[in-house]
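Worksheet for the structure shown next.
What follows is calculated from the coordinates using simple rules that are stated; it is not laboratory data. Being a predicted model, the structure only gives us computed values, none of them experimental. Please note: Cβ atoms are built from the backbone with ideal geometry, for glycine as well, and neighbour counts cover all protein chains shown.
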Ligand SMILES: Cc1cc2nc3c(=O)[nH]c(=O)nc-3n(C[C@H](O)[C@H](O)[C@H](O)COP(=O)(O)OP(=O)(O)OC[C@H]3O[C@@H](n4cnc5c(N)ncnc54)[C@H](O)[C@@H]3O)c2cc1C
Ligand SMILES: Cc1cc2nc3c(=O)[nH]c(=O)nc-3n(C[C@H](O)[C@H](O)[C@H](O)COP(=O)(O)OP(=O)(O)OC[C@H]3O[C@@H](n4cnc5c(N)ncnc54)[C@H](O)[C@@H]3O)c2cc1C
Ligand SMILES: Cc1cc2nc3c(=O)[nH]c(=O)nc-3n(C[C@H](O)[C@H](O)[C@H](O)COP(=O)(O)O)c2cc1C
Ligand SMILES: Cc1cc2nc3c(=O)[nH]c(=O)nc-3n(C[C@H](O)[C@H](O)[C@H](O)COP(=O)(O)O)c2cc1C
Ligand code: FES
Ligand code: FES
């Protein structure tokens, strides 16, 4: 779980949907310690513009420590990344953060993974880990339309029950991914990653039903290492918390760092 | 001679000596109007670091308007350029500046081209133009050592009398290029491009002997278009000069812009 | 009958200091010469205004070389306001400029209050000038080299003197090298400014580590380019809340988004400077981008000014 | 018998404000937490000093989110000095820190003069602190939010109060958002500063054009990173000529050449801030680079301080 800074070649980069890329980066031993929900910070571009690293969830790690991220080219940094060819080098900081907590033991209770858009990739790693434990998760995914659907093959490969929703009905269920979630019979545990609005809806669904739920949060990051306090997120103080370096806050709430205590938080904790 | 701004692909890039690259850029009609001694400003890198374009002399232009520059990777911008592969795009501003003035008519008087190190490339274009006029120039070049020798084949191809000096004697004459110049019998006209010290020596040689001489100057540039006044060079006011937009100065001298009135100046004019 | 083209363009029509502008996009003083150099490369008639290089009473030789050095996402310049003087400007540059479509805004410089006034008086005799931009970042020779731009009293004095010497709108260009930009803005508005330009360059320097000497012959120079944009946007924001006159915003604008930052922060018009060196047509691209943006959002440019407050 | 390694390292030995340092390379306050976070990634014992995140009397919650935004070659932050307070610092962070080799310089913050003094008093009881860095860029709540850092009188007051509350050397950290940095430097030196740190961040802002709102919840934030380096080097240069105390220079340092710029401009030590976010080992690389440079040039680091003047 100790992060490393390393430079590694791009082994492969493929455009898998409009503006979405699957990037395979060369192996590093540190990546073999990664757990689902953790992320890496990539230095994009060779100069100081852009300045900051970009955070990306780990989609999966191969046995040799090579790993993949799936990302949407949307701004300055990801556009640069998308232009790189196999053979080019990328500097990586990771694995970082606190990922999903896996069930202690195999269970036959329905475990549900809820993904929205480009929030889907870390759920691949999670589904693989669950599958390795002998768990067949229910995976429900939401996308804007058929062209944006990603990762299907990975979930099928690990035997997940897969259902997909699209906003315009061009693929799968016509509607919201949260509607698919409601159709699952008595989920025992929910894991979610996606846009803030979706996470809030999933958390609300879980919290009102007292279903254990973990959500992966997103904030702009500078350091990714817990020092800059740029990525904090408001959480409830539920129990008298053990003093944490950055656990300051107000009445009933405290800041937690998305890059350290997160990105994955207990849905009952997060103040949306 | 009108400059254009255009984006063009790299057709080829080869490392021709330690840290020296030969870059072939795609054709543009504007380049067909280029004259020897003119230069282009290349935008290096896709972001604002580095900010400024880099000036490079035109080494030669092919019939279709494709053209070559030869450069030394020495700093931030040229290092970025050296990393680009064939197919990548480069944004060009050019051709710019005022190049060498060719003899009015073919002549059999010795015409000497003096090049120092990475100042050699524009002399290739010049030698080609002289050759097209039926003139076989004497080309004398100086380099630090054998590994740094460039452009030999181009000068041979246009039938020049070629002599090369190296500082350490590892190739050709052991000594300074100016010593080679002194060995040529009664030069009628000298063209020079290279480090400032070499240009000063060549200018001194020519001026004291009243030999007509043109030198190509170098200064850091921002605009390359004559507006920023960042690239000026001190010149003597020899005759009552026609009023020039930026011809201000002091008693006996005036500034001239290396990117507009230059880079090529009459050696008798420049104040070194 | 107005075409779609006309309609889009109309969204950009505006007015600054009483000057009618086809669009609010200008090129900044010192980065576009007297306009002619770039005319072969692009259609300069599509610019809202041209702010010409600083003009002084007599020719100025400027600083020794080197005058420029690149920095991360920026550049330092210490040109020292080299220019051939107001007589040359009126004789050689203005006749060409006044026949172009963009409004001509002349950047006025001087080493004393009297020199500023003298340039203004001379320019007042000429046709085809829309306004005077008063560059108060020059060293005040009488006061021993302190810039007019960092002292509200000295700045007001210059502005008042220029105002008294011209019938044209007076637009002081503020220096950002001050603790409180709003105090400077208030001082020049009280002295009669019809608008303010901001910002000029930030005082900076670089060391040539190999030579163990300052990289610029003048030791210090002015920082411009994208690096300074967040600082410039902050100052436009502050000045917008402090004074009522229009603001011409500049400092690191490279694209339409950057221009929108300034406009939403409170700039009624924007100027492109250093980015022109990299891409000569930047200002035209900003202009086209603003037209497209206004059309898509269904707003006029004037409706966007200061909306982020 | 000293090895080559020792010899090289000795070239970097220096002293700032009476603190003996193995080398002049520090990590800047707020960019290295309390040191522990990066310890797994690198050998922090090779740093000259660690300047810890600002510490206040009581815990501060800082500003709402968003707190950071990237800009060209820079970033704006409006963390708002979130920190768990001096008691927590002494209990949880200091015991670990004081067992490390680098000198520990504690960054002190407060909203009133009294709060600064209180933190200093509390820290004076602790072992293993080398000096106090007084961050005077905090808002002065009593004076209605004006920063201590832009008023020489207020700055001197804070420094004098801290000085009176501690036996440790006091190093005020100057804000660059002033017309005349030398006036600030003189004021704090007269008030008892043993050295000065400069610079803190530059006040800037960005607009989120899509939302038509400031990008930071706090509206304005501090600009750091390579973009500000030319401005910071200029200020170090000016302060070096104005006061006699050592300068800890910072602002956009990313590599050994950048550090040399500051040293040649007059900094006796340097600190790496934002660049650590990009490459955590930047400070160590700067340190190794300085050792190699001094060896190649045959000089000690002290011989390089201010050589460009
Ligand atoms: C823990 C974590 C995991 C992530 N995993 C993925 C992933 O697997 N795939 C994927 O496509 N995206 C992922 N993101 C979002 C991704 O980091 C942003 O899309 C990316 O930083 C945008 O960079 P840009 O240069 O294209 O955009 P720009 O807008 O140019 O970026 C400007 C600045 O804003 C930051 N920023 C912009 N959007 C976001 C965002 N949504 N989240 C965080 N910072 C942002 C950038 O990092 C940069 O600092 C993740 C974000 C976090 C925090
Ligand atoms: C008219 C002209 C023609 C030139 N022709 C050639 C050529 O054919 N081949 C070649 O290798 N070089 C040529 N040069 C020099 C070339 O421009 C520089 O080597 C190059 O700009 C260095 O950029 P960099 O990013 O590697 O260096 P950096 O040091 O990172 O550059 C920093 C800044 O300094 C400027 N700069 C640095 N060195 C020089 C220099 N020697 N001349 C001008 N500006 C400089 C850069 O343009 C940039 O603005 C020419 C220069 C001029 C003025
Ligand atoms: C090379 C250069 C010359 C300049 N000359 C002048 C000038 O003569 N008068 C003036 O008021 N501003 C001058 N400026 C400042 C610009 O007009 C502008 O205010 C500043 O560069 C910030 O904008 P930018 O970041 O877009 O360049 C000059 C700037 C540069 C880079
Ligand atoms: C995220 C962040 C937090 C900071 N926190 C503090 C702080 O608590 N106290 C302080 O004096 N300076 C603080 N600073 C300023 C830095 O210590 C440093 O002075 C400034 O960032 C310039 O250096 P740089 O460009 O190398 O980052 C902070 C800077 C950043 C980027
Ligand atoms: S990104 Fe710096 S603390 Fe999380
Ligand atoms: S480079 Fe701008 S005038 Fe020559």
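Going by average Cβ density within 10 Å per residue, which order do the peptides D:257-268, A:5-16 take, highest to lowest?
In decreasing order of mean packing, D:257-268, A:5-16 become D:257-268, A:5-16.
Over all directions, the average projected area of the alpha-carbon convex hull for the range D:37-78 comes to how many nm²?
5.1 nm²
Need one word for the range C:43-196: rounded, prolate or oblate. Basis is the Cα gyration tensor (sqrt eigenvalues a ≥ b ≥ c); a/c below 1.5 gives rounded, then a/b vs b/c decides. Provide the component values of the computation, followed by the final result.
On the way: a/c = 1.39, a/b = 1.13, b/c = 1.24.
The shape class here is rounded.
Where a ≥ b ≥ c are the square roots of the eigenvalues of the C-alpha gyration tensor, would you call chain D rounded, which needs a/c under 1.5, or, failing that, prolate if a/b is larger than b/c, or oblate? All intermediate terms of the calculation are to be shown ahead of the outcome.
Values: a/c = 1.39, a/b = 1.27, b/c = 1.10.
Note, shape of chain D comes out rounded.
Relative to the compact-globule scaling 2.2 N^0.38 Å, provide the ratio for the alpha-carbon radius of gyration of the range B:131-216.
In units of the globular-protein estimate, the range B:131-216 measures up at 1.07.
How large is Rg/Rh for the range C:8-112, to two decimals, with Cα atoms and a Kirkwood Rh? Before the final figure, lay out the partial values.
Values: Rg = 15.3 Å, Rh = 15.2 Å.
Dividing the radius of gyration by the Kirkwood radius yields 1.01.
At 10 °C and 1.306 mPa s, grab the translational diffusion coefficient of chain B from Stokes-Einstein with a Kirkwood Rh over Cα pairs, rounded to a whole number in µm² per second.
Taking Rh from Cα pairs, D becomes 84 µm²/s.
Just tell me how shielded C:56-69 is by partners: mean number of partner chain Cβ atoms within 10 Å of each residue's Cβ, no decimals.
For this peptide, the per-residue mean of nearby foreign Cβ atoms is 4.
Other chains' Cβ within 10 Å of B:226-236 residues: what's the mean? Before the final figure, lay out the partial values.
Numbers: counts 4, 14, 14, 13, 10, 4, 8, 1, 2, 0, 0.
So the per-residue partner count for this stretch is 6.
What average number of partner chain Cβ atoms lie no more than 10 Å from the Cβ of the residues making up A:59-65?
Numbers: counts 0, 0, 0, 0, 0, 0, 0.
Other-chain Cβ atoms within 10 Å of each residue's Cβ, averaged: 0.
Please report, in cubic angstrom per residue, the volume enclosed by the convex hull of the alpha-carbon atoms of the range A:137-272. Walk me through the intermediate numbers first.
Values: hull volume 17.9 nm³, N = 136.
Once divided by residue count, the hull of the range A:137-272 is 131 Å³.
As a check on your grasp of the helix formula, calculate [θ] at 222 nm for chain D: sum -39500 (n - 2.57) over DSSP H runs of n ≥ 4, divide by the residue count, round to the nearest 500. Intermediate values should be presented prior to the final figure.
Working: 10 runs with 95 residues, N = 309.
For chain D, the value works out to -9000 deg cm²/dmol.
Given q = 0.16, 0.24 Å⁻¹, what are the Debye log10 I(q)/I(0) values for the range A:20-85, with equal point scatterers placed on the Cα positions and solvent ignored?
So the normalised log intensities work out to -0.53, -1.07.
Suppose you put the label 7 Å out from Cα in the Cβ direction; list, shortest first and in nm with one decimal, how far residue C:20 is from each other copy's label.
Here residue C:20 shows inter-copy label distances of 7.9 nm.
Take the Cα gyration tensor of the range D:160-309, multiply each eigenvalue by 5, square-root it, and list the three semi-axes largest first, rounded to whole angstrom.
Result for the range D:160-309: semi-axes of 27, 23, 14 Å.
Taking chain B as a Gaussian network, where each spring joins two C-alpha atoms under 10 Å apart, which residue of B:108, B:89, B:212 fluctuates the most?
B:108
For the range C:1-160, what does the relative contact order come out to in percent, with C-alpha contacts under 8 Å and a separation of six or more?
19 percent
Taking the Cα centre of each part, how many Å lie between the range D:295-309 and the range C:54-85?
31 Å
Along Cα→Cβ at 7 Å, what distances in nm separate the residue C:295 label point from those on the other copies, shortest first?
Copy-to-copy label distances at residue C:295, shortest first: 6.4 nm.
So the label point sits 7 Å from Cα along the Cα-to-Cβ vector; using that for residue B:72, what distances do you get to the other copies, in nanometres, sorted shortest first?
Ordered by increasing distance: 4.8 nm.
Under a plain spin-label model, where a point goes 7 Å from the Cα along Cα-to-Cβ, how far apart in nm are residue A:107 and residue C:292?
A separation of 5.1 nm, rounded to one decimal place.
In what order do C:248, B:20 fall by count of nearby beta-carbon atoms within 10 Å, going from fewest to most?
In order of increasing Cβ crowding within 10 Å: B:20, C:248.
Could you compute how fast the range D:163-218 diffuses translationally, taking Rh as the Kirkwood radius over C-alpha pairs and applying Stokes-Einstein at 10 °C with viscosity 1.306 mPa s? Give it in µm² per second.
Translational diffusion coefficient: 116 µm²/s.
What's the ranking of B:147-156, A:138-147, A:90-99 by average number of surrounding C-beta atoms within 10 Å, highest first?
Numbers: B:147-156: 18.3, A:138-147: 21.5, A:90-99: 23.7.
Descending packing order for the listed peptides: A:90-99, A:138-147, B:147-156.
Treating each Cα of the range A:1-135 as an identical point scatterer and ignoring solvent, apply the Debye formula and state log10 I(q)/I(0) at q = 0.10 Å⁻¹.
Normalising to I(0) and taking log10 leaves -0.33.
Viscosity 1.567 mPa s, temperature 4 °C: give me the Stokes-Einstein translational D for the range D:252-304 in µm²/s, with Rh taken as the Kirkwood radius over C-alpha pairs.
117 µm²/s
Beyond 21 Å, what share of the Cα-Cα pairs of the range C:180-256 remains, rounded to the nearest whole percent?
More than 21 Å apart: 41 percent of the Cα pairs in the range C:180-256.
If one computes the Cα centroid of the range D:253-275 and of the range A:155-203, what distance in Å separates the two points?
51 Å
Using per-residue counts of other Cβ atoms within 10 Å, averaged over each peptide, order D:152-158, A:40-46, A:181-187 from highest down.
The packing order, highest mean first, is A:40-46, D:152-158, A:181-187.
In percent, how large is the relative contact order of chain B, given Cα pairs closer than 8 Å and 6 or more residues apart?
17 percent
Quick check: the angle from helix D:229-242's long axis to the longest principal axis of chain D, C-alpha only, nearest 10 degrees?
Around 80 degrees separate the two axes.
Run the Debye formula on the Cα coordinates of the range B:102-162, all scatterers equal and no solvent, and tell me log10 I(q)/I(0) at q = 0.30 1/Å.
-1.35
Considering the Cα positions of the protein assembly as shown, please state its Rg to one decimal place and its Dmax as a whole number of Å.
For the protein assembly as shown, the Cα-based Rg and Dmax read 31.7, 100 Å.
Could you work out the relative contact order of the range A:138-272? I mean the mean sequence separation of Cα pairs under 8 Å and 6+ apart, divided by the number of residues, in percent.
18 percent
So for the range B:170-221, what are the equivalent ellipsoid semi-axes in whole Å, largest first, each being the square root of 5 times an eigenvalue of the Cα gyration tensor?
19, 17, 8
From the alpha carbon gyration tensor of the range D:116-242, can you work out the equivalent ellipsoid semi-axes (sqrt of 5 times each eigenvalue) and give them in Å, largest to smallest?
On the way: eigenvalues 155, 66, 38 Å².
That gives 28, 18, 14 Å for the three semi-axes.
What 222 nm value per residue comes from the helices of chain A, counting each DSSP H run with n ≥ 4 as -39,500 (n - 2.57) and dividing by all residues, nearest 500 deg cm²/dmol? Walk me through the numbers before you get to the answer.
On the way: 5 runs with 45 residues, N = 272.
-4500 deg cm²/dmol, from helical runs alone.
So, in Å, what gap is there between the alpha-carbon centers of the range C:106-128 and the range B:1-72?
43 Å
Rounded, prolate or oblate: which fits the range C:206-292 when a ≥ b ≥ c are the square roots of the eigenvalues of the alpha-carbon gyration tensor, with rounded for a/c under 1.5 and prolate only if a/b beats b/c? Provide the component values of the computation, followed by the final result.
On the way: a/c = 3.26, a/b = 1.63, b/c = 2.00.
Taking the square roots of the gyration eigenvalues as a ≥ b ≥ c, the range C:206-292 is oblate.
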